[in-house]
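Contents: one structure, followed by commentary.
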2 protein chains.
Amino acid sequence: MDTQNGNNYVKEVGKPKARFSELGFRFLAFSLTLVAAILVGVDKQTKIVAIPVVSTLPPLNVPVTAKFHYFSAFVYFVVVNAIACAYAIISLVLTLATRGGSKGGLALMITTLDLVMVALLSSGSGATGAIGLMGMHGNSHVQWKKVCNVFGKFCHQVLAGLVLSVLGSVAFLLLVVISARNFQKKHM
Amino acid sequence: MDTQNGNNYVKEVGKPKARFSELGFRFLAFSLTLVAAILVGVDKQTKIVAIPVVSTLPPLNVPVTAKFHYFSAFVYFVVVNAIACAYAIISLVLTLATRGGSKGGLALMITTLDLVMVALLSSGSGATGAIGLMGMHGNSHVQWKKVCNVFGKFCHQVLAGLVLSVLGSVAFLLLVVISARNFQKKHM
């Protein structure tokens, strides 16, 4: 009976703190992925580039625009961040609705979906990081020239979105760890 | 007392199956990430490419080689798959050593590291997928030409490694879900 009471005491003391952490991380994940999706989704830069046409005439000044949807990696990034953002707000509402903390199949579903968000956001960040790095440095082996020297503002905005998205995936990762830690506490 | 006995019965019956699944998924994750790292890590293709030098002379036939380490995304892919592979075998040994299933801090550490592997492998797959897609289709907006029409075998080998790595990350993801499910079973 003493042990049982002790366990109940741990559960009662531990719950509000764990619940506060969960709500906090869900709100953080929502905000970070929302801003990341917006930052990359509205990213656009137009520059006047001098293009030589005939050697005897001065070069033509042509406006060239960089948009996020020119790169499938950036489109994927916006889509996964939008999915994660929508899921974060839905799971936040569900967590608030089940006031004492979700149980049974719902809790398992939320933990599994948190995990899927970690995977989706990580793959989106990996894809955007790879294309962003290529845009910054280029690759001489395949003659892919760097473009960030021309579209600096565009690249910096993608970089800002990338950092926020990585932080968002860390928030989802911590949510899964919190579930695992709660399990540990209840069995120790 | 009846309920307690019932719970013990569930634990006794449930354990071997869950343990078998865990060992199976760890071995699967090890094999998949090992083969993925090797496939991309040894990927190399040399092709004779005709390069025109002077318009009055026939083009020069120059051997051009594609290697995985020309692309930082592929290097990252090999590194994360090697890390995941090494971790999978270490965690497999640890799971076998703690015969009744790991408990306490060790179990939490293993679940957290499984989760980190999901994130690392997903980011590696995202990066490789983005560069692979660029190699297959190119991008007219930034004048990055496709290269897979020349280095077909090289690209197909990367694609095979990518598929295996994604399956490896799914194996780690299922390992985390198994932990969460075990927790659910013990609390239902």
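Within 10 Å of the Cβ of each residue in B:106-113, the mean number of Cβ atoms contributed by other protein chains is 3. Computed over protein heavy atoms with a 1.4 Å probe, the carbon and sulfur contribution to the accessible area of region A:2-187 reaches 69%. Taking Lys and Arg as +1 and Asp and Glu as -1, the other residues whose beta-carbon sits under 14 Å from that of B:PHE30 total -1.
Per 0.36 nm of contour for each residue apart, how much would the distance between B:LYS145 and B:VAL79 grow if the chain were fully extended, relative to their Cα-Cα spacing?
Details: separation 66, 0.36 × 66 = 23.76 nm, distance 2.68 nm.
Net length gain for the segment: 21.1 nm.
Chains B and A together bury some 3300 Å² of accessible area, summed over both sides, with a 1.4 Å probe.
Output the pairs from A:LYS67/B:LYS67; A:LYS153/B:LYS146; A:LYS153/B:LYS47; A:LYS145/B:LYS44; A:LYS44/B:LYS44 with a Cα-Cα distance over 29 Å in this structure; if there are none, say none.
A:LYS67/B:LYS67; A:LYS153/B:LYS47; A:LYS44/B:LYS44
Return the whole-Å distance between the Cα centroid of region B:133-156 and the Cα centroid of region B:21-68. The two parts, judged by their Cα centres, are 13 Å apart. A 1.4 Å probe run over region A:102-188, with the rest of the protein chains in place, finds 43 Å² accessible per residue.
Can you tell me the FRET efficiency between B:ALA86 and A:VAL62 if r is taken as the Cβ-Cβ distance and R0 is 35 Å, rounded to the nearest 0.05? The computed FRET efficiency comes out at 0.10. At B:PHE27 and B:HIS156, where each label point lies 7 Å from the Cα along Cα→Cβ, what is the point-to-point distance in nanometres? For the pair B:PHE27/B:HIS156, the computed spacing is 3.1 nm.
The values are calculated or read from the model by the stated rules, or taken from the named source; none is laboratory data. Everything numeric in this text was worked out from a predicted model, so none of it was measured. With ideal geometry, Cβ positions are generated from the backbone for all residues, glycine too; neighbour counts draw on all protein chains shown. Areas reflect the complete protein model, heavy atoms only, side chains present, ligands, DNA and RNA absent. Shrake-Rupley method; radii C 1.70, N 1.55, O 1.52, S 1.80 Å.
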